[in-house]
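Shown next, in structure tokens, is the structure this report addresses.
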Amino acid sequence: MADASFDVVVIGGGHQGLIAANYMIRNGYTVGLFEQRRELGGGGCTESRPISGFIGNPCAHVAGLWASPVNQDFKLHERGLNYIFPRVHASMVYPDERCIVSCRSYEWDKETGMVVPLEDVVEKNIKEVERISPRDADALARWQSEGKIWEWGFAAQGVLWSPPALPGEVDLVEALIQNPNSGIDRRHQFMTATEYVCDLFESDELRAHSLRILDSVGIYPDEPAPLPVMLSNVPMQVIGFGGAVYEGGTHNAIHAFQRALAEGLAKMALRAAADSGLDTVGFTGGVAFNELMTRKIREVVESEGLRFLRHRQVPPGDGGVSLGQAVVAALASS
Ligand SMILES: Cc1cc2nc3c(=O)[nH]c(=O)nc-3n(C[C@H](O)[C@H](O)[C@H](O)COP(=O)(O)OP(=O)(O)OC[C@H]3O[C@@H](n4cnc5c(N)ncnc54)[C@H](O)[C@@H]3O)c2cc1C
């Protein structure tokens, strides 16, 4: 490894590292991705938990990832990643036994990434709020009819899923803050989560519902929270716009990223083979223990008519290195 050279080194094979490596490879860079654990995926891995006989995810279990362009950029649905969008989206039961239930208010097209709002469900969700607080329902209905909730939400999503705006580029949330007609109060950007939901809603019930929604994305009541996170989570979620879950578990997202990565690596190797006039591609090193990547690389290489070599008798990682050292030592001493 000491003599290997890369255009880019990515430290950590969590989902962010995998996504970054995928984009780099796609743009023609030679990438070294280093993960300290045996398994790629970081907080997206599935582990035995909470008790033996069960598996669960330690961190990312709610999938906001469906809204990311990474789905379409790497056709993740063709690589085994599917989302489940539950019909009931969020709910809360109050001590007086009243409750609020929001249903999912959108459809998502996995091919294009386009979102289609289901206006009748939005209306139903606002009616649900009306049972608890007519004034909060009025505010939601007004923002909704003026198109503000979608405008805030899509601006927030644009900021959350994109690199920071460069000088001269427009930051969509900043543009809303600067626009006196956007309905965003400039003070919102400096508020704690509690102050924000109190400013938005009149009833304790809606405020509690919103704080619980924020809590589920790691924003706690007394924390000043990034405005895009609050914009995309509070009014949006109350009208039923939010997360999904990963079909089969979060590790399926990680596996899809690995398949995309393996395909990128295979294409890189195919380019190198074509440049050198070779008809054989091999896969070695510790990462070749990864069955999923080995299978995908083999599939791509063989589909192009080249021969694929993999380890059979000698392990690809340190075991192979040790054997090589023993052979060299034996030859040197003979
Ligand atoms: C309790 C909890 C609940 C969460 N719930 C959700 C949720 O429901 N939905 C959601 O979308 N997100 C959730 N998150 C956030 C999500 O888990 C993280 O945003 C995501 O895991 C971050 O990905 P990452 O690749 O940046 O980092 P990680 O997933 O943390 O991966 C980092 C990787 O880098 C490796 N590494 C670190 N140092 C080195 C080194 N020096 N050399 C080599 N490798 C190294 C680690 O082993 C690890 O594999 C939750 C987080 C927590 C803690």
* Structure fact -> Output for the range 167-281 (equivalent-ellipsoid semi-axes, sqrt of 5λ from the C-alpha gyration tensor, Å, descending) is 45, 20, 11
* Between Arg38 and Cys99, with labels modelled 7 Å along Cα→Cβ, what's the label distance in nm to one decimal, could you check? => 4.2 nm
* Give me the angle, in degrees from 0 to 90, between the Cα long axis of helix 204-215 and the longest principal axis of the Cα atoms of the chain, rounded to the nearest 10. => 10 degrees
* Structure fact -> the range 5-57: Kirkwood hydrodynamic radius (Cα pairs, Å) comes out at 12.2 Å
* Over the chain, calculate the relative contact order: mean separation of alpha carbon pairs under 8 Å at least 6 apart, over the residue count, as a percent. => 19 percent
* Asked: What FRET efficiency, computed as 1/(1 + (r/R0)^6) with R0 = 35 Å and r the Cβ-Cβ distance, is obtained for Asp275 and Val321, rounded to the nearest 0.05?
  -> 0.80
* Asked: So, in the chain, how many Lys pairs have Cα atoms under 26 Å apart, if the pair is 8 or more places apart or on different chains?
  -> 10
* Using only alpha carbons, build the gyration tensor for the range 74-212 and give me the equivalent ellipsoid semi-axes, biggest first, whole Å. => 27, 23, 14
* To do: For a quick protection proxy, order the peptides 207-217, 259-269, 86-96, 133-143 by their average other-Cβ count within 10 Å, most packed first.
  => 259-269, 207-217, 133-143, 86-96
* To do: Can you pull the one-decimal nm distance between simple spin-label points at Ser182 and Lys267, each 7 Å off the Cα toward Cβ?
  => 3.6 nm
* Send over the semi-axes of the chain's equivalent ellipsoid, whole angstrom and largest first, taken as the square roots of 5 times the C-alpha gyration tensor eigenvalues. => 48, 21, 18
* Structure fact -> Ordering 167-178, 24-35 by per-residue average of other C-beta atoms within 10 angstrom, highest first, gives 24-35, 167-178
* Asked: Length gain on complete extension for the stretch Ile51 to Ser91, per 0.36 nm per residue less the alpha carbon to alpha carbon distance?
  -> 11.7 nm
* Structure fact -> Mean-square fluctuation maximum in Gaussian network of the chain, Cα pairs under 10 Å, restricted to Ser322, Ser48, Ser303, hits Ser322
* To do: On a 0 to 90° scale, report how tilted helix 251-276 is relative to the longest principal axis of the chain, with both axes built from alpha carbons and the result rounded to the nearest 10.
  => 40 degrees
* To do: For n ≥ 4 DSSP H runs only, could you compute -39500 (n - 2.57) per run for the chain, divide by its residues and tell me the 222 nm figure to the nearest 500?
  => -13500 deg cm²/dmol
* To do: Report the label-to-label distance for Asp222 and Asp7 in nanometres (one decimal), using points 7 Å from each Cα along the Cα→Cβ vector.
  => 4.9 nm
* Max mean-square fluctuation residue, GNM over the chain, Cα-Cα springs under 10 Å, options Ser182, Ser145, Ser232 -> Ser145
* Farthest toward the dipole's positive end in the range 103-216, which of Trp108, Leu166, Leu140, given Cβ charges of +1 (Lys, Arg) and -1 (Asp, Glu) about the Cα centre? -> Leu140
* Using per-residue counts of other Cβ atoms within 10 Å, averaged over each peptide, order 115-121, 155-161, 281-287 from highest down. => 155-161, 281-287, 115-121
* Could you tell me how many degrees, from 0 to 90 and to the nearest 10, lie between the Cα long axis of helix 291-303 and the main elongation axis, the longest principal axis, of the Cα atoms of the chain? => 70 degrees
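Read-outs throughout are calculated quantities, based only on the coordinates presented, and are distinct from any laboratory measurement. Quantities reported herein were computed from a predicted structural model and do not represent experimental measurements. Positions of Cβ are backbone-derived with ideal geometry, glycine not excepted, and every protein chain shown enters the neighbour counts.
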